[in-house]
Each structure stands twice: as structure tokens, then as C-alpha cells.
Amino acid sequence: MKALGELLRSAHIPVASTQQSFIVTSLCTHSNACKEGSIFFGFRGQNSDGSLYAKEALQNGAILAIIDEEASVEDHQFIIRVKNPHQTFALMNAAFHDNPQAELKLIAVSGTDGKSSTADFLHQLLSFEGIPAGLFSTTSIDDGAGKIPSPYRISTPEADILYAFLDRCRANRMEYVIIEATSHALSEEYSRLYGLTFEIGIITTLSGDHIEFHGSREAYLEAKLSLLGMIRPRGHFITSVENRELERCLTRLDSSIHAHILGLDHPYTIQTCDLHSVRGTFEGRPFTVHLGLEVFATNTLLALLASSVITAKNPVELLPHLSNVRPLKGRMQAVPNDKGVLVFIDYAHTIGAYEHLFAFIKQVRGTSRVITVMGAAGGRDKKKRSVLGGIASKESDILILTEEDPVFEELSAINGMIRNGIASKSCRVLEIDDRKEAIGEAIRLAQAGDIVLLLGKGHEQSIQRRNLTIPWDEEQAVLEVIR
């Protein structure tokens, strides 16, 4: 609990003398979660307006409601209007939890693809070195009590969840905390990371994604690049020559920040790769990673550079650790079976991820047939759907279109857009609405030695169909249909 005056001052809001002694018990974004002593924040989203519930929150016991200055709500003595409620929410949550970020060294991992993998690989490398580090990523969280699958569908949570997590990291004596930073979280609209300063900022690759939210590729890139302004003076920025926006990143950096560029400052090569491992050299020294995609090797090397900064060791000294790095659930995850079929689950859902994946498949497939199960999320960037279909069809003998997260879109419309990009006449295309049935058909059609790719869901634990959240486990679905 905190005094209202203290929280208002933390967000640079003038404090009336009558507000000084009120005690705040919680910070809420849902009116039905408000109780006596709560502060309610009414966020305006793409499909809803939380400010409309401000008076309901007050009736439920909230002592204050904070809403957007342009919200169409009648004024009230206990309603405060601010320019950006998300930023106010972040600042107040920091103060409510006694500023745990001030006692932790934060690392942000961003980019279009490879964020979760790079964050997890860094977490593993630091554990090998005995350095206590927390992790908050799409796939996993670790507040010092042990790594568990993330219970959240969003990669970077709202500030109430994030600061409660940082508070636990502090209590569990973590020294570093690795945070996956999405474009939504970095955007001014959501500002989930507002007010944080990072010791190290990592950007994997930059292309384009979430255009439906940002409005344009340029706005998306600006959100991502805003991370560079959140790195502390004399901090560290890590990226690779594969980052298409490398020059733009470097021009945005404060002159005091140390840049580490994989492939430029630290030369590396990829020599051989197969479905289960990649071998190459780093600064002339050989390395092996037991991961099934070339891009994963790049991600481990980015993590290696970050661990080198943290440990103050030459990265070559840490190179032997790479052979012990383990893959993430849902990231080119092999599913063993008695049928002799090579089944892989992967979260690929962006153009960049498809390009990397299918370039790799072309390189390693040999004479094997490729059967791909894919879809596209409803309400997301529609322009990429045909591109994904085109990329997948070029290297797939059979392409099965199914649900990913259709939400409120008609699945037939989503699949129709994917079909529009399919130019390969040799690729057989099927549509099976139910994802488990689609996986079952892929397994039924597969012969020993064939490659089956299940794309789009990865680690996710649910499928969104309109207002329904359907429990889902891709690996379990495979095991059930392959028996």
C-alpha cells in the first residue's frame, strides 16, 4: 500500500492537500477488480474504451480514476485526465512497488524475429556462469524461483504485471533481468516499458510486423528504435550485420554507448547445418549449437556477446557453453515418433521467419517431401498472408491451411488470402478448419523420411475462436494423432 500523494508525485501530477493521506491499495485496469482504495486506469484500446468504466470503478470503491485527456466522459471530482494514461500507469506501478528496477540491471531484447530465443539463450548462458538472472519472455518467465512457461498471451505485459515481477526478482536477489521488448510495449500508445533504463539493448533483426496496430512499417520501426533511447549512458547495444536497419540503429545511438556488431566487430561463419545442429566459427574458433535453424546460431551468438559484456570475459572464453544451450518449446521443436516422420513445431508467423525457415528447409531437405500446416491470425496484418502462402508453397509438396487464431475473422477469408500468394503448381493445397484434424491429416499423408512443419502456434497454450479461448498444446496434439 502507498500514500496517494506519493503516487501522484511519482507521475508528476499535482497533489491537493486533501489527497495526501489517502491510502492506495491497488492499481487496476478493470473496473470489476477495483476495491476500496484502488486507483482505476481507463485505457483506450483499438476495440474498447476503458474510460467508459471510470464511474463504475468509483462505485466499486476506487478513490480515483485516471483517463485520457480526450476521453468522452463527464468530468468528476475523482477523475483525473492525463495525456498518456499508460505512462502514468507505468510510473505509478514503479512507485507502488518501491522502484525495484533501481536495484536490478535490466536487459531488453527486441527485433522482428528471434526475441524469445535470444532472451532465453542469454538466460541459459548466464546460468552456466552462475549469474542470477530473471527472465520475462513470450515463452518463459523466471523471477528467481525457477523457469516456468509464461501464463500470459502477450510477450511484454502491462506495467502492473511487469513491476510485480521485478519486485519478486529483487526479493529473490536477481542481479540481472532479461525482458523481451515488443513493438507494442515500446510504442507511445502502450508505453509498457516507460521509465525503464537498460544496461544492454539487443536488436535481433528489423523488417516489419504488426502493421494493423502501428499503421505503417515506418511507425513500427520507430517503436522498435525507441529502445535505443532507453539504454543508459555508457551502456551497450548489440546487434548483427543481418539487421537490415543497422545503419539507422547506429545513427540513433548516444555517442557514449558501446556498440557490438556480430559479423563486423566479431566475425563468424556458418559452415554446416542440419535439422538438429549448426556448426560454424566465431572469431576463428569452432562452435556447435544443437539447434535446428541457422538463425538460432546467430541468436546464440548475440546472447554470447551480451554474456561477454556481463561477465567481462572474452566471448571466445564462453564459446564452449553454446553446445549446452537447449532449444525453446515451440521453436523448431522436434517431436519424436515411431513413424519415421520428421515432425517440427515452430512459432514462425512473420515474413522474415518464413524466409529463414524455408531457406533452411530447401538446404537440408534432400529428397524428403515437405508437408506444411499453417494459417494466419485474425485481425492481424492482412497483407502478409499471401506472402506467407507464396513462401511456404515453394518448398512444400503439400500445404494444409488451417486455423491459427481466427478470432472474429472468417477462416475461409483468411485462407483465401493465403491462397492468393500460392504460385507453385506442384504444391497440393488442402483446407481443414480444425487444427487438430489438419495435423492428423498431415501425419496420415506423411511417409517415413518426410518433413512435417507445424507453423504459427509454437508454444502457445490456446486458440482464439471468436469469444472462445480453446486450450491448446501443439505437441500433445501431434502425440495424440500419431498413435
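Coordinate-derived values only; no laboratory data. Everything numeric here is computed off the predicted structure, so don't read it as measured data. Cβ atoms come from the backbone with ideal geometry, glycine included; neighbour counts cover every protein chain shown.
Phi angles across the stretch 92-102 convert, under the Karplus curve 6.51 cos²θ - 1.76 cosθ + 1.60 with θ = phi - 60°, into 3J(HN,Hα) values of 5, 5, 4, 5, 4, 9, 6, 6, x, 4, 6 Hz, Gly and Pro given as x. Expressed to the nearest 5 percent, the antiparallel share of DSSP beta bridges inside the stretch 100-324 is 40 percent.
The C-alpha atoms of the chain define a longest principal axis, and helix 115-128 lies at about 90 degrees to it. Amide H contacts of Ile141: Ile148, Ser150, each under 5 Å away and 5 or more positions distant or on a separate chain (H built 1.01 Å from N in the peptide plane; Pro and chain starts excluded). For the stretch 2-82, the share of DSSP beta bridges that are antiparallel, to the nearest 5, is 20%. Is the chain rounded, prolate or oblate when judged by the Cα gyration tensor, a ≥ b ≥ c being the square roots of its eigenvalues, rounded requiring a/c under 1.5 and prolate requiring a/b larger than b/c? Oblate shape, in that a/c is at least 1.5 and b/c is the bigger or equal ratio.
Each helix, a run of at least 4 DSSP H residues, gives -39500 (n - 2.57); summed and divided by the residues of the chain, these come to -9000 deg cm²/dmol at 222 nm. Working note: Karplus 6.51/-1.76/1.60 with θ = phi - 60° gives the stretch 268-280 the couplings 8, 9, 10, 9, 9, 8, 9, 6, 10, 7, 10, 10, x Hz, where Gly and Pro are set to x.
State the antiparallel share, in %, of DSSP beta bridges confined to the stretch 333-482, rounding to the nearest 5.
Bridges in the stretch 333-482 that DSSP calls antiparallel: roughly 30 percent.
Taking amide H atoms as placed 1.01 Å from N in the peptide plane, the amide H of Thr156 lies under 5 Å from those of Thr182, each 5 or more residues away in sequence or on another chain.
Based on the mean of other Cβ atoms within 10 Å per residue, sort peptides 88-101, 421-434 so the most packed one is first.
88-101, 421-434
Under Stokes-Einstein, with the Kirkwood radius over Cα pairs as Rh, the value for the stretch 231-315 at 20 °C and 1.002 mPa s is 156 µm²/s. Ranked by the mean number of other Cβ atoms within 10 Å per residue, highest first, peptides 390-403, 270-283 order as 390-403, 270-283.
Computed on the stretch 316-375, the Cα convex hull volume stands at 144 Å³ per residue. As I understand it, the dipole of the stretch 100-324 uses +1 on the Cβ of Lys and Arg and -1 on the Cβ of Asp and Glu, about the Cα centre. Which of Leu126, Ser187, Phe136 lies farthest toward its positive end? With unit charges placed on the Cβ atoms, the residue in question is Leu126.
Remark on Gly235: its backbone amide H falls under 5 Å from those of His258, a criterion applied only to residues 5 or more positions apart or on other chains, H modelled at 1.01 Å from N.
When its C-alpha radius of gyration is set against 2.2 N^0.38 Å (N residues), the stretch 2-82 gives a value of 1.02.
Our coupling estimate for the stretch 381-387, obtained by passing each phi through the Karplus curve with A = 6.51, B = -1.76, C = 1.60 and θ = phi - 60°, is 2, 6, 5, 7, 4, 5, 5 Hz, Gly and Pro reported as x. Charges were assigned to the Cβ only: +1 to each Lys and Arg, -1 to each Asp and Glu. The resulting dipole of the stretch 2-82 about its Cα centre is roughly 280 debye. Each eigenvalue of the Cα gyration tensor of the stretch 260-363, multiplied by 5 and square-rooted, gives one semi-axis; in descending order these are 26, 15, 13 Å.
Only one residue of Asn172, Gly440, His12 has its Cα farthest out toward the positive end of the dipole of the chain, where Lys and Arg carry +1 and Asp and Glu -1 on Cβ, and that residue is Gly440. For the chain, a crude dipole built from +1 on the beta carbon of Lys and Arg and -1 on the beta carbon of Asp and Glu, taken about the Cα centre, is about 680 debye to the nearest 20.
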